[in-house]
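I have placed the structure first, in the form of structure tokens, so that the comments after it can refer back to it.
Quick note: the coordinates plus some simple rules give every number you see, no bench work behind them. As the structure is a computational prediction, the values presented were derived from the model and not from experiment. As a convention, Cβ positions derive from the backbone with ideal geometry for all residues, glycine included, and neighbour counts pool all protein chains shown.
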Amino acid sequence: MAKILTGVMGLAVGAVMIAAGSAFALDSSVEAMDMGGDHQFYVWCTGADDFEDTASGSNWRDAQTNLYNALQGDGRSTCWPVWQGLVD
């Protein structure tokens, strides 16, 4: 009985992980770079912790500029956003 319960729990955890992964799917194709919407970035910082953030824009470059300007406005002058993908 314990083996069956462990197996069922393992399947349930796996299903949750798959569902959660698809909720945060990124499109990192070349085509996605030119699409408008929410883009995800890994933000590299010198002298501070790196982090992930999203920004909206008409394409990846516009979203990167919007995020970069927001970071500068927040006093994070040593941070640079690196594009990861378009948020689905």
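By other beta-carbon atoms within 10 Å, ranking C79, C45 with the fewest at the front produces C45, C79. Structural descriptor for the range 27-87: relative contact order 45 percent, calculated from alpha carbon pairs under 8 angstrom and at least 6 residues apart.
The simple spin-label model puts a point 7 Å past each Cα toward its Cβ; for S58 and Y42 those points are separated by 2.9 nm.
Dipole magnitude of the range 27-87 about its Cα centre, charges +1 at Lys/Arg Cβ and -1 at Asp/Glu Cβ only, in debye to the nearest 20?
So the dipole magnitude of the range 27-87 works out to roughly 200 debye.
For the range 27-87, the C-alpha radius of gyration divided by 2.2 N^0.38 Å, with N the number of residues, is 1.06. The peptide list 69-78, 55-64, put in order of mean Cβ contacts within 10 Å with the highest first, becomes 55-64, 69-78.
In this simple spin-label model, placing a label point 7 Å from the Cα along the Cα-to-Cβ direction at both D34 and Q72 gives a separation of 2.7 nm.
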